1. If I model a spin label as a point 7 Å beyond the Cα along the Cα-Cβ vector, how far apart are those points for D294 and L114 in nm?
2. Using a Förster distance of 51 Å, how high is the FRET efficiency between L178 and A309, based on the Cβ-Cβ distance and rounded to 0.05?
3. Among R255, R160, which comes first, then next, by fewest other beta-carbon atoms within 10 Å?
4. For a quick protection proxy, order the peptides 230-237, 149-156, 129-136 by their average other-Cβ count within 10 Å, most packed first.
5. Mind checking the full-extension length gain between L358 and L47? Use 0.36 nm per residue of separation minus the Cα-Cα distance, one decimal, nm.
6. Calculate the spin-label point distance for L128 paired with R214, positioning each point 7 Å from the Cα along the beta-carbon direction, and give it in nanometres.
7. Would you calculate the separation in nanometres between label points at L138 and S301, each defined as 7 Å from the Cα along the Cα-to-beta-carbon direction?
8. Quick one: what are the phi-derived ³J(HN,Hα) couplings along the stretch 217-222, Karplus 6.51/-1.76/1.60 with θ = phi - 60°, whole Hz, x for glycine and proline?
Amino acid sequence: MVRAYAQGSPGYLIATCVVAPLTILAAVNATSSLGPAQSILAGLGALILCVTAVVAPYLVLAAGMAGLPWIASFATPIGSATFGEALIALGGIAVLASERALARSWAHARLIALFAAPYFLVAALLALGGVGLWSTILQRLVIIAIGVLGGLGLWKVDERRRVLALRAFLVSASLLALTWIAAWGSPSVAGINKNPGGQMLASAVILGVVLGSRRLDMAMALLCGLGVAATGSRGSLVGLAAGMLVLFFLSRKARRLIAGIIVFVALATLTAATISPSYIDGLVREFTSTHTLDQRALLQSYALEAWHAVPSGHGVGAFIVPIPELAWLQTNDPHNVAVLTLFEGGILLLAAFALFALGPSLVLLFRKWRARSWLPSAAIAVVVATLAHSFFDVFWVRSTPTLGLILVVAAMADVSIDRSEGRP
């Protein structure tokens with residue numbers, strides 16, 4: 001890395017000059033409410049981070065993967081992201097630049113860009129027509145960019161480091177699961193809402209099963225599964241079930257592990273019911289409560305009525321809570337990604353979103369049979385889990401789609417290499 005810098009690799013120099021100021025500005029912007037001393041320390045920390053990206057870019061990428069489950073707010077000059085996402089973007093650029101692969105790697109991101117382009121084209125046309133918010137469109141573009149940079153960085157490192165980076169995510173998610181188990185049933189832990197937190201843990205379960213070559217991987221997957229239950233997020237449970245079902249059909253190795261998890265959960269539930277029937281009764285009441293579902297039904301009903309009134313849509317980011325009784329929710333989402341997309345851009349935007357959300361996974365599904373990599377199965381399962389959850393919750397915020405995007409981009413690049421080399 002240092003040698004590439006000394007030799008003046010143009011891509012590396014450009015990446016350093018762009019990323020370093022953005023990282024420092026982001027840190028200062030995120031700590032603007034602090035005093036001068038704290039802001040100076042934040043700027044110095046960002047500078048140290050940039051130096052680390054020069055010397056050991058992989059460490060920054062792995063740190064970002066470890067930070068991803070902890071959805072702490074981190075304001076940046078160009079949108080809203082989490083601290084883990086910021087590290088992933090920085091680490092991804094640094095890895096690509098150190099390998100002099102900045103120009104080459106974009107060829108592997110073209111298909112993702114082609115699938116995403118119709119969505120943002122429709123959104124931009126609506127905004128040009130006076131409906132929608134450019135800031136929301138930019139925020140969603142940032143999410144795509146983070147996924148692309150993280151995915152390409154993950155693809156570029158060798159297999160051992162790739163697995164270690166994903167295990168860093170799994171270990172971090174396991175710590176989050178322990179925290180949530182300790183506060184079982186709490187709506188939030190460490191500032192993390194149960195729904196995005198539950199989805200992170202559900203994705204960790206899928207990764208643990210895919211990586212399950214070691215007993216520790218399976219132990220962490222089971223722990224994260226208990227964490228999903230501890231969050232009380234029904235959408236996360238639905239997403240986990242959908243992702244595991246997909247994984248069951250895509251990966252032979254995963255079938256035995258999934259069967260083992262089902263047996264473990266059944267035995268644990270039976271044991272808990274025998275030891276403490278009242279505890280099980282409480283869980284049943286929690287998961288069968290319709291209070292929040294009724295609130296979301298009202299929001300979705302309004303969104304659909306508004307779409308029927310204006311079939312072309314009201315613009316990206318235009319949804320507000322119209323019902324005074326629900327104003328306390330402070331949400332700009334009807335908690336159903338299909339309904340939100342219809343409200344924002346009608347059938348045209350919904351079709352473009354479906355192309356973006358499902359297109360890459362369908363390509364991976366057809367290509368994976370020729371690939372030796374385990375990445376396509378993991379990517380498709382995590383994407384399906386995230387989408388299934390998004391029909392009960394939000395999609396575009398709180399790092400919800402980030403891991404799926406990273407895995408999809410890495411898998412697309414990996415499968416492209418397999419095909420170009422003629423691997424069976």
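1. 5.0
2. The value I calculate is 0.60.
3. Details: R255 14, R160 8.
Result, fewest neighbours first: R160, R255.
4. 149-156, 230-237, 129-136
5. Numbers: separation 311, 0.36 × 311 = 111.96 nm, distance 3.86 nm.
Answer, rounded to one decimal: 108.1 nm.
6. 5.2
7. 3.8
8. Going residue by residue, I get 4, 5, 4, 5, 5, 5 Hz, with x marking Gly and Pro.
Rule-based calculations on the coordinates, nothing more; no lab input. None of these values were measured; they are calculated from a predicted model. Cβ sites come from the backbone with ideal geometry, for glycine too, and all protein chains shown count toward neighbours.
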